[in-house]
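**Student:** Below is the structure I would like to discuss, written out as structure tokens.
Only the coordinates and a few stated rules stand behind these numbers; no lab work does. From a predicted model like this one, the values you see are computed outputs, not experimental measurements. We place every Cβ from the backbone using ideal geometry, glycine too, and count neighbours over all the protein chains shown.
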Amino acid sequence: MPALTIWSVRFALVYLGLGFTFGALMLWNKGLPISGALWSLLPAHIDFLLFGWTVQLILGVSFWILPRFKHPPKRGNEKLAWGAVILLNAGVLLVAISPFLAQLPWILTASRAAQLISALLYMLHAWPRIKPTGT
């Protein structure tokens, strides 16, 4: 299994655990109030599960499972894929800290831009690997 897949799946599992933990804390806070500040975890909860867990798991598994080029046996431009993983994680982490940095309103825009660029980089990486069967 390629290193990018290993790291991507590991990060995805960390985001899954953190996303469920944040969700459980907020749910607990609904029943037995702990602190109103726990609701600031909502953006992180959503992004950790949507982008950190789901998208990152898809990215890592698709990198591993898409067909390789035959000569030489390679998975395409891996720098693009690594850039996608790094930008995706940067975007998710920026969303998680954005409620605590209200004085920097541009941080949420930067996080979404990083996630968009991540998707574009991965598309550029994966596009040549998607071919009809038998070619």
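**Student:** Could you tell me which residue of the stretch 23-56 is farthest from K79 (Cα to Cα), considering only residues that are surrounded by fewer than 13 Cβ atoms within 10 Å (Cβ to Cβ) and among the small types (G, A, S)?
**Tutor:** The selected residue is G31.
**Student:** Does the stretch 62-79 include one or more residues that are surrounded by 18 or more Cβ atoms within 10 Å (Cβ to Cβ), over 21 Å from D47 (Cα atoms), more than 12 Å from the chain's Cα centre (by Cα) and in contact (Cβ under 8 Å) with a residue 60 or more places away in the chain?
**Tutor:** Checked against the condition, which is being surrounded by 18 or more Cβ atoms within 10 Å (Cβ to Cβ), over 21 Å from D47 (Cα atoms), more than 12 Å from the chain's Cα centre (by Cα) and in contact (Cβ under 8 Å) with a residue 60 or more places away in the chain, the stretch 62-79 yields at least one hit.
**Student:** All but one of (1) surrounded by fewer than 20 Cβ atoms within 10 Å (Cβ to Cβ); (2) in contact (Cβ under 8 Å) with a residue 60 or more places away in the chain hold for L59, so report the exception by its number.
**Tutor:** Checking L59 against (1) surrounded by fewer than 20 Cβ atoms within 10 Å (Cβ to Cβ); (2) in contact (Cβ under 8 Å) with a residue 60 or more places away in the chain, the one that fails is (1).
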